[in-house]
Amino acid sequence: MIIVKKRLEEAKENYRELGEKSPLLGITNSLIHKLSEKLHLPIFAAMRYVPPFAKDALLECKRQGIEELLLFPMYPHYSTTTTLSSVEDVKEQCRELDYFPVIKVIEPYYNDRDYIDLCIEQILTATEGIERSTYQLLLSAHGLPVSIIEAGDPYEKHITANVESIKNALAERDIVFADIELVYQSKVGPSKWLEPNLVDVLRNPKYLKVVVYPLAFTIDNSETDFELDIEHREIAHKIGYEDYRVVKCFNASDSFVELIVKRVRGLE
């Protein structure tokens with residue numbers, strides 16, 4: 001209960017910094033609007049910890065008599081804590097609603113070429129007009145407790161493969177950064193988490209010009225807009241970084257819409 005209360009107060013402060021709300025839902029709704037125009041299918045948001053929850057979407061699906069559900073995880077990398085947890089939540093809510101559609105799930109896309117190309121384009125947009133060879137590129141993934149990885153969760157392997165693909169794609173385009181490093185963010189509690197931790201890397205700089213790319217997110221949220229772009233920027237400012245840049249997520253970009261459309265049509 002102490003941890004829950006502490007995290008709740010931290011979350012409230014984060015949202016105050018962001019204007020009292022996360023950008024997540026608004027961007028998600030914009031993305032759904034664009035997808036609806038392309039796919040001509042009913043599309044619903046189903047979030048895990050904040051409204052709209054899966055139950056809300058499933059009630060409407062049942063009301064409309066929808067017999068097949070296609071789940072598109074907003075997580076490119078698979079983890080029991082994200083994709084599996086969300087899929088199991090949908091299945092549990094279906095059982096509670098006495099609703100039994102066919103359920104299909106889009107496979108992880110962290111290493112697909114068009115996804116990697118999208119990552120590269122976001123990085124290039126954020127670094128346009130600067131001498132990239134003087135900047136360190138930090139690929140920041142959401143952290144996980146090591147105990148979860150040791151229990152067989154493939155998340156770390158997916159992240160590592162994603163990083164290698166991004167490095168190779170940059171090299172193919174002759175795009176050079178002073179250094180490229182994988183880091184992990186959002187550590188909570190005293191247990192051992194995946195390392196290196198982004199905060200530790202920022203506090204012990206190799207370079208004083210950095211670009212941070214939020215590797216594990218497709219839509220900007222409090223962990224990108226607050227944690228990376230406000231909280232960690234303040235750390236960099238206090239240390240004396242010459243430049244600190246945070247790359248935007250795909251959000252409702254046309255390229256991300258096309259990526260989703262391609263995968264949905266592949267399973268129709």
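If you go through the stretch 133-145 one residue at a time, do you hit one that is touching a residue at least 24 places away in the same chain (Cβ under 8 Å) and part of a helix (DSSP H, G or I)? Yes, the stretch 133-145 has at least one match. Can Y155 be described as under 22 Å from P23 (Cβ atoms) and either under 20 Å from the mean Cα position of the chain (by Cα) or assigned by TED's automatic domain parsing to the domain that holds P76 (or both)? For Y155, the condition - under 22 Å from P23 (Cβ atoms) and either under 20 Å from the mean Cα position of the chain (by Cα) or assigned by TED's automatic domain parsing to the domain that holds P76 (or both) - is not met.
Regarding the stretch 183-203, can at least one residue be identified that is assigned by TED's automatic domain parsing to the domain that holds H237, among the small types (G, A, S) and part of a helix (DSSP H, G or I)? The answer is no; no qualifying residue exists.
Inclusion of T224 among residues that are buried (at least 18 other Cβ atoms within 10 Å of the Cβ) and assigned to a helix (DSSP H, G or I) is warranted. Among the residues of the stretch 70-128, just one is touching a helix residue (DSSP H, G or I) at 6+ places or on another chain (Cβ under 7 Å) and basic (K, R), namely K104. Applying a threshold of 7 Å to beta carbon distances and a minimum spacing of six or more residues, or different chains, the list of pairs starting in the stretch 16-33 at a residue that is farther than 15 Å from C249 by Cβ and ending at one that is surrounded by fewer than 17 Cβ atoms within 10 Å (Cβ to Cβ) and at pLDDT below 95 reads K21/Y15.
Scanning the stretch 183-215 for residues being of a type in the set (D, E) and either within 18 Å of T160 (Cα to Cα) or under 20 Å from the mean Cα position of the chain (by Cα) (or both) gives a total of 1. Residues in the stretch 128-161 that are under 30 Å from V188 (Cβ atoms) and among the β-branched types (V, I, T): V146, I148, I149, I159, T160.
Here is the figure for the stretch 139-150: residues that are over 14 Å from Y78 (Cα atoms) and surrounded by fewer than 20 Cβ atoms within 10 Å (Cβ to Cβ) total 4. Do you know which residues across the stretch 154-205 are among the basic types (K, R) and crowded, with 18+ Cβ neighbours inside 10 Å? Within the stretch 154-205, K187 is the sole residue that qualifies. Check whether at least one residue in the stretch 246-266 is more than 17 Å from Q122 (Cα to Cα), without any contact (Cβ under 8 Å) to a residue 40 or more places away in the chain, hydrophobic (A, V, I, L, M, F, W, C) and surrounded by fewer than 17 Cβ atoms within 10 Å (Cβ to Cβ), and report yes or no. No, that holds for no residue. The residues on offer are S85, S79, S36, and the sole one that is within 18 Å of the chain's Cα centre (by Cα) and more than 30 Å from A171 (Cβ to Cβ) is S85. Among the residues of the stretch 232-246, which ones are of a type in the set (D, E) and either within 18 Å of the chain's Cα centre (by Cα) or in a loop (DSSP other than H, G, I, E, B) (or both)? Answer for the stretch 232-246, where residues must be of a type in the set (D, E) and either within 18 Å of the chain's Cα centre (by Cα) or in a loop (DSSP other than H, G, I, E, B) (or both): just E242. Pairing residues of the stretch 210-232 that are more than 18 Å from I180 (Cβ to Cβ) with residues that are in a loop (DSSP other than H, G, I, E, B) and hydroxyl-bearing (S, T, Y), at Cβ distances under 8 Å and at least 6 apart in sequence or on separate chains, gives T218/Y75; N221/S22; S222/S22; E223/S186; D225/S22; E227/S186. Across the stretch 33-51, the number of residues qualifying as at pLDDT 95 or above and surrounded by 14 or more Cβ atoms within 10 Å (Cβ to Cβ) comes to 8.
Being buried (at least 17 other Cβ atoms within 10 Å of the Cβ) and within 26 Å of L70 (Cα to Cα) holds for only one residue in V90, V102, and it is V90. Being at positive phi and out of contact with any Pro (no Cβ under 8 Å at 6 or more places or on another chain) is a property that holds for G152.
The values are calculated or read from the model by the stated rules, or taken from the named source; none is laboratory data. The structure presented is a predicted model; accordingly, all values stated were derived computationally and were not measured. Glycine gets a Cβ as well: all are built from the backbone with ideal geometry, and neighbour counts include every protein chain shown.
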